[in-house]
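This report refers to the structure that appears directly beneath it.
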Amino acid sequence: MMTSRSSTFSLCRRRMLVSLCAATSLLSSAALLAQEIPKYAPPPEIDPNAERPTVVLMSMGGTIASRGTPRLNVTNYGGPENPRVDPEDWYRDLPELAGIANIVLEDQRAPQNPEPGRSTFEDWRRVAKRLNEIAKDPSVDGIVVTHGTNIMAETAYYMNLVVDTEKPIVFVGAQRPWTGLSGDGPRNLYDAVRVAASKEARGKGVLHAMNQYIHTARDVDKTSAYRVDTFKDVDVGAIGFADPDKIVFYREPTRRHTSQSEFAGIDFESLPKVDVVLAYRDAPGYVIDAMVSNGVEGLIIEGTGAGSLTAGQTEAVERAKKKGVVVVATARTQGGRVQATPRRAAAGIVPGDNLLPEKARILLQLALTVTRDPAEIERIFAEY
Amino acid sequence: MTSHPFLRSSRPRTRDAIRTFRSRSLQCIAVLLFSGLAAGAAGQELARAAMPVAKPMPEAARPKIGLFTTGGTIQSKGEHRQKLMEYGAGRVTPDELLADLPELAEIAHIEVTEISNIGSGGITYEHQLALVKAINAYLARPDTAGAVVTHGTGTLEETAYFLNLTVKSDKPVVVVGAMRPFTAVSRDGPFNLYNAVRVAASPDARDMGVVIMLNDEINAARDTTKSNTYRLETFVARDLGPLGYADSDRIVFYRRPIYRHTHRSEFDVSDLTELPRVDVTYDYQEDDGVAIDAFVAAGAKGIVLTGSDAEAVKRGQAAGVVFVQSDRKGSGRVLESARSRERGIVTADNLPPHKARILLRLALTKTTDLDEIQRMFNEY
């Protein structure tokens, strides 16, 4: 059932009721834009008296919240001609959700027409704060967050480091719009709610559930532009599955996260500027110089092989370090660790372990809020 | 190089030329044999001095690691150093294995127990029982840190999973093998063995269950399977990936298995001298259950299915045989379902048939109750 139990949710309860009324009055016209659901097998009946966990379903938008026409259009959806899918639409299109959990809807989408130059960090800050609040509510058992798939892994990793909770937070998205033929969104959303509602998902950090796999926020990466099996855990694989019979886990992550994170529960108003530089044959140093004059406090190297730079980049890194910029090496190989070596230590470059460059950037941004000591930053990269 | 007679005559066109080619290549082989003998005293590995060595530990601080050898490619010799298959020039003893890798002595005290010196195809429950009893006795000593087992790769994962269910300790147990024999150039065995000892000595490896070490990857015994006949990266946990890596800077873990294993396992084989017979059937079109009937007639107490002939299963069940449903695909779970419960068939989760066999075997040492066996398949 769709309810909200606590005064913490007065805001979303109001929103929900308002939109429920709106949804009812618009039902006939909205039906044209509803999820493409097979009509042969209606959803099972739901026992209204059963005890169910409470799961907050938070929308940060994404393809899963997009419509496209016609239904074969799975590449050029959204835009002004296609209204977005509101959280209430998910609930209406998927009444099965009520059989898994008491669903509380929460809309945290970015503005549809943002002012030019608006930083998306505003969204992260708002959502991080809200996740910390919601997670503290004793009536909530788990949280699902929808997100566009392109940078979903970055948002999930940030929340993995700053939300102070043992409760499951499950990121989910779709590769095809909500209204697309054979859209993956509805099953993904259903499974994400199942994962968030499961006791076994507690204490495993922020999770990612799509295509019936359960991944960790730290290790998950989008590996294909359009396939529905796009998300993979780099190096170390999934930790469990959302199978039809049950939610099953085989692994837990050993790296620090959520309640064990030293950054958890802090409301970061802004983060230090950190940029990523790619190494390739003859890559020049002037890009690094430009980043430094633009005020970066940290640099992530996306190096060749095991984190190597060109000669020109090496000289620019020397200049950057003299100005106090902290440098972390990652690899463009999309897998494997950048190791601690004597030569790297002598050069004062911190090894980024097996974090992808864009995730190493997030960790370095957080690390720079507490230290500039390379040894301390190396500890942080070894622990998270 | 271009003036070498062997290379210059490598495209013989006439009978004479072939004869010349033959005699020259014989000379070449003689030269190779001679130089091989001369090099023998210094060892046959090309890059002996180039191995990176962990910081040597003071002798008293070096952890005690038990090395339990069973044989396999890692202990096999080939007729020549390019021979990567059908190597049949004998096997190296544990002492030779250690003498070949003096770097080990700088990071651990190695105590050797030889269980066997055979290929993995010859390993039976008798070896497995002897092995786990020896390991349990060794790890029960408070002064020991961990155990390493050498094993042929063909059935390595079966022995590793058996140990995962029967070792009574949270100390690291690492099963190691090689894809190329001891005598081959670019052999993988020595580094695998070196890394296996490092993992066995690592406090971070405690309570990870039994792990498999080849190709720098630390893989969980339960989830890992040999996926390729010859490549070095053959051991893969298809559904889940490795737990961590043995890298030059450190042993690093990203994952911890959460199912029951080793010291949290209910299976105890310390008083057993044999294990119940369990067989596996392979499913294919037109499979008519002849194999199931034959296994039942041979005295199987349990049968692992990858598909099944319903009538043959019913006949087996009437004779008291326990059936477990696995799958031949090599990844993914067999789901628990109302239908399999009705048919009285236990589902194997994502265990491949040869590992479901190990668990069923151990389960049958305790019970024939189907609900109880299903619980075990859900927990291990």
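The values are calculated or read from the model by the stated rules, or taken from the named source; none is laboratory data. Remember, it's a predicted structure, so these values are computed and weren't measured experimentally. Cβ: placed from backbone, ideal geometry, glycine included. Neighbour counts: every protein chain shown.
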Complete set of residues in region A:297-314 that are crowded, with 21+ Cβ neighbours inside 10 Å and either in the same structural domain as A:E154 (by TED's automatic domain parsing) or not in a helix (DSSP H, G or I) (or both): A:G298, A:L299, A:I300, A:I301, A:E302, A:G303, A:G307, A:L309
Region B:253-262: number of residues that are under 15 Å from B:V174 (Cα atoms) and more than 7 Å from chain A (Cβ to nearest Cβ): 2
Candidate set: region A:245-283, residues that are in a loop (DSSP other than H, G, I, E, B) and of a type in the set (F, W, Y); chosen: the one nearest to the other protein chains (Cβ to nearest Cβ): A:Y250
Lone unmet requirement of (1) touching a Lys or Arg at 6+ places or on another chain (Cβ under 9 Å); (2) at pLDDT 90 or above for A:M1: (2)
In region B:250-279, residue nearest to B:I303 (Cα to Cα) [restricted to those that are of a type in the set (D, E) and surrounded by fewer than 16 Cβ atoms within 10 Å (Cβ to Cβ)]: B:E274
Residue match in region B:274-286 (condition: within 18 Å of A:D235 (Cα to Cα) and assigned to a loop (DSSP other than H, G, I, E, B)): no
Test result for A:G295, within 14 Å of another protein chain (Cβ to nearest Cβ) and not charged (D, E, K, R): no
Some residue of region A:324-346 being charged (D, E, K, R), under 19 Å from A:G295 (Cα atoms) and more than 14 Å from chain B (Cβ to nearest Cβ): no
Which numbered condition B:I303 fails, given (1) assigned to a strand (DSSP E or B); (2) out of contact with any strand residue (DSSP E or B) (no Cβ under 8 Å at 6 or more places or on another chain): (2)
Candidate set from region B:240-251 (those that are in contact (Cβ under 8 Å) with a residue 12 or more places away in the chain and facing chain A (nearest Cβ under 7 Å)); member that is farthest from B:L156 (Cα to Cα): B:S248
Residue that is surrounded by the fewest Cβ atoms within 10 Å (Cβ to Cβ) [pool: residues in region A:273-295 that are hydrophobic (A, V, I, L, M, F, W, C) and over 24 Å from the mean Cα position of the chain (by Cα)]: A:A290
Any hit, region A:89-97, residues being surrounded by fewer than 24 Cβ atoms within 10 Å (Cβ to Cβ), in contact with a strand residue (DSSP E or B) (Cβ under 7 Å, 6 or more places away or on another chain) and of a type in the set (F, W, Y): yes
Those residues of region A:338-364 which are touching a residue at least 60 places away in the same chain (Cβ under 8 Å) and either in contact with a Gly (Cβ under 7 Å, 6 or more places away or on another chain) or among the charged types (D, E, K, R) (or both), in sequence order: A:N354, A:E358, A:K359, A:A360, A:R361, A:L364
Every residue from region B:264-305 that is of a type in the set (F, W, Y) and within 30 Å of B:R206 (Cα to Cα): B:F267
Within region B:223-238, tally of residues that are facing chain A (nearest Cβ under 7 Å) and at pLDDT below 95: 0
Residue pairs meeting the criteria (Cβ under 8 Å; at least 6 apart or on separate chains; first under 21 Å from B:A318 (Cα atoms), in region B:337-349; second surrounded by fewer than 12 Cβ atoms within 10 Å (Cβ to Cβ)): B:R343/B:A310
Out of B:G119, B:G146, sole residue that is within 28 Å of B:P257 (Cα to Cα) and in contact with a strand residue (DSSP E or B) (Cβ under 8 Å, 6 or more places away or on another chain): B:G146
Any hit, region B:99-115, residues being more than 28 Å from B:P203 (Cα to Cα), among the small types (G, A, S) and surrounded by 18 or more Cβ atoms within 10 Å (Cβ to Cβ): no
Any hit, region A:52-69, residues being modelled with pLDDT under 90 and not aliphatic (A, V, I, L, M): yes
Region B:325-353, subset in a helix (DSSP H, G or I) and away from every other protein chain (no Cβ under 13 Å), residue surrounded by the fewest Cβ atoms within 10 Å (Cβ to Cβ): B:E342
Subset tally (residues that are surrounded by fewer than 19 Cβ atoms within 10 Å (Cβ to Cβ) and assigned to a loop (DSSP other than H, G, I, E, B)) for region B:310-324: 2
Verdict on A:D219 being in contact with an Asp or Glu (Cβ under 7 Å, 6 or more places away or on another chain) and of a type in the set (D, E, K, R): yes
Conditions (1) crowded, with 24+ Cβ neighbours inside 10 Å; (2) over 26 Å from A:A367 (Cβ atoms): number failed by A:M159: (2)
